[in-house]
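One structure below.
Derivation of every value follows stated rules applied to the coordinates shown; laboratory data play no part. Model, not experiment: these values are computed from the prediction. All Cβ positions, glycine included, derive from the backbone under ideal geometry; neighbour counts span all protein chains shown.
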Amino acid sequence: DQQVKQNSPSLSVQEGRISILNCDYTNSMFDYFLWYKKYPAEGPTFLISISSIKDKNEDGRFTVFLNKSAKHLSLHIVPSQPGDSAVYFCAASAPNTNAGKSTFGDGTTLTVKP
Amino acid sequence: DVKVTQSSRYLVKRTGEKVFLECVQDMDHENMFWYRQDPGLGLRLIYFSYDVKMKEKGDIPEGYSVSREKKERFSLILESASTNQTSMYLCASSLSGRGVNEQFFGPGTRLTVL
């Protein structure tokens with residue numbers, strides 16, 4: 001039972017346009033969501049997060065939107081840059097879990113073309 | 001600058017060998033995690049630890065064990081390596097405390113079991 005799903009394995013956009021990466025979850029206990037970015041031959045790095053008490057969080061070119069009723073979140077990157085080309089993982093956490101562990105999605109490979 | 005290091009970037013072992021993967025963090029984090037990353041399967045949690053000598057199974061613990069004798073070090077052990085354990089192994093750490101804290105990842109160890 002995959003609790004966090006990223007249904008698009010890959011996404012290709014033109015430089016300067018918007019990239020939208022989607023993530024769905026099934027566990028209604030999840031209340032904190034994170035996005036990580038991973039370049040080849042490196043470990044993932046934290047990008048942005050959102051708590052379930054919010055529906056939007058913005059950090060520079062990156063905005064995460066949360067729709068709790070639909071159990072859906074999305075990451076918007078505007079404008080997209082070639083350096084944004086990477087694998088993006090969505091992760092979700094439930095409250096009161098030991099170590100604040102997260103459940104990760106399969107990842108979406110974003111390619112931004114110059 | 002926070003740092004998570006893993007003992008090897010690449011490792012080749014034979015079926016049946018005992019394999020040790022070491023992870024060290026210098027951030028005084030309480031929580032440490034071991035994941036494996038496989039194409040199309042995202043990051044899957046093997047084991048995690050929220051304190052010295054404390055450990056919990058993740059989603060796929062079979063065939064693995066862990067050791068955490070010191071706060072900064074978390075070891076993953078493959079008691080008898082098998083070919084289906086060929087994968088990218090990622091270690092991560094995070095702070096404990098209020099809410100969920102982002103995880104900091106090491107660069108990964110690509111293990112090949114022949």
Length added when fully stretched, B:Arg110-B:Phe20, from 0.36 nm per residue minus Cα-Cα = 31.1 nm
task = Calculate, in whole percent, how much of the Cα-Cα pair population of chain B lies beyond 23 Å.
result = 22 percent
query = Could you state the per residue volume, in Å³, of the convex hull enclosing the Cα atoms of chain A?
reply = 103 Å³
request  = Would you work out if the protein assembly as shown is rounded, prolate or oblate? Take a ≥ b ≥ c from the square roots of the eigenvalues of the alpha-carbon gyration tensor; rounded if a/c is under 1.5, else prolate when a/b is larger than b/c, oblate otherwise.
outcome  = prolate
request  = May I ask you to compute the full-extension gain from B:Val52 to B:Ser82, defined as 0.36 nm times their residue separation minus their alpha-carbon distance, rounded to one decimal in nm?
outcome  = 8.0 nm
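Sorted by packing (mean other beta-carbon atoms within 10 Å per residue), highest first, where do B:22-35, A:15-28 land? Spell out each step's value before the answer.
Values: B:22-35: 20.3, A:15-28: 16.6.
Taking the mean over residues of other Cβ atoms within 10 Å, the ranking is B:22-35, A:15-28.
What number, in percent, do you get for the relative contact order of chain B if the mean sequence gap of Cα pairs under 8 Å and at least 6 apart is divided by its residue count?
Values: 299 pairs, mean separation 40.7, N = 114.
Relative contact order comes out at 36 percent.
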Top of B:Phe104, B:Phe20, B:Phe74 by mean-square fluctuation, Gaussian network on chain B, Cα under 10 Å = B:Phe20
key: chain A: relative contact order in percent, alpha carbon pairs under 8 Å with at least 6 residues between   = 37 percent
ask   = Computed FRET efficiency, Cβ-Cβ of A:Ser52 and B:Asp28, R0 22 Å: what is it to the nearest 0.05?
value = 0.15
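Taking only Cα atoms of segment B:1-49, what ratio of Rg to Rh do you get with Rh as the Kirkwood inverse-distance radius?
On the way: Rg = 13.0 Å, Rh = 13.0 Å.
Rounded to two decimals, Rg over Rh is 1.00.
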task = Please go through the residue pairs A:Lys38/A:Lys71; A:Lys5/B:Lys70; A:Lys68/A:Lys113 and name each one whose alpha carbons sit more than 27 Å apart in this structure.
result = A:Lys5/B:Lys70; A:Lys68/A:Lys113
key: For residues of B:100-110, the mean tally of beta carbons on other chains within 10 Å   = 6
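Would you kindly calculate the translational diffusion coefficient of segment B:58-114, applying Stokes-Einstein with the Kirkwood radius from alpha carbon pairs, for 25 °C and a viscosity of 0.890 mPa s, and quote it in µm² s⁻¹ without decimals?
Numbers: Rh = 13.2 Å.
In µm²/s, the coefficient rounds to 185.
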request  = Note down the nm distance, to one decimal, between modelled labels 7 Å out along Cα→Cβ at A:His76 and at B:Val12.
outcome  = 4.9 nm
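With the radius of gyration and the Kirkwood radius both derived from the Cα set of segment A:1-49, what is their ratio Rg to Rh?
1.00
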task = Sort out for me the Cα centre separation of segment A:1-40 from segment B:55-75, rounded to whole Å.
result = 27 Å
